[in-house]
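Data block below; observations after.
The values are calculated or read from the model by the stated rules, or taken from the named source; none is laboratory data. These figures come from a predicted structure and were not determined experimentally. Here Cβ is always computed from backbone atoms with ideal geometry, including for glycine, and neighbour counts include all displayed protein chains. The protein model used for the area step is the full one, side chains on, heavy atoms only, and it has no ligands, DNA or RNA in it. Shrake-Rupley method; radii C 1.70, N 1.55, O 1.52, S 1.80 Å.
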Amino acid sequence: MGRELAGRFPEAVGVLHRIDRILGFSLSRICFEGPVERLTDPVISGLAVFRVSATTLEVARGVVRPAAFA
């Protein structure tokens with residue numbers, strides 16, 4: 001989750017690192033490497049969805065100036 005964004009957009013990497021620092025563990029590692037059992041934990045999967053959404057928003061802000069974002 002989010003590996004392609006991180007590979008294509010430098011601003012995505014910054015967001016991912018900030019989220020990992022705030023959480024105090026590497027959610028990025030779990031999303032990129034698994035194990036799938038950890039990623040499917042409801043708490044981790046919720047954080048992972050937020051992480052990808054926040055990263056997508058940051059990338060979109062660099063590409064377009066949306067009036068709204070859903």
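Results, tabulated for the structure shown:
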quantity: Tilt relative to the chain, helix 10-23 - C-alpha long axis, 0 to 90 degrees, to 10; calculated: 40 degrees
quantity: Positive dipole terminus of the chain, leading residue within Gly46, Gly2, Ala12 (C-beta point charges); calculated: Ala12
quantity: Rel. contact order, % - alpha carbon contacts under 8 angstrom, at least six apart, the chain; calculated: 40 percent
quantity: On Cα atoms only, tilt of 42-63 relative to the major axis of the chain in degrees; calculated: 20 degrees
quantity: Carbon/sulfur fraction of accessible area - the chain, other protein chains in place, 1.4 Å, %; calculated: 61 percent
quantity: Given charges at beta-carbon only (K, R positive; D, E negative), |dipole| of the chain in Debye; calculated: 220 debye
quantity: Long-range amide H partners of Ser26 with built H, under 5 Å; calculated: none
quantity: Residue-normalised accessible area of the range 1-66, given per residue in Å² at a 1.4 Å probe; calculated: 65 Å²
quantity: Label selected from (1) 77; (2) 63; (3) 69, the criterion being percent of Cα pairs over 13 Å apart as computed here; calculated: (2)
quantity: Within the chain, helix-based [θ] at 222 nm, where runs of 4 or more DSSP H residues each add -39,500 (n - 2.57), nearest 500; calculated: -22500 deg cm²/dmol
quantity: Length gained when the stretch Leu23-Ala54 is fully extended (0.36 nm per residue, less Cα-Cα span); calculated: 9.7 nm
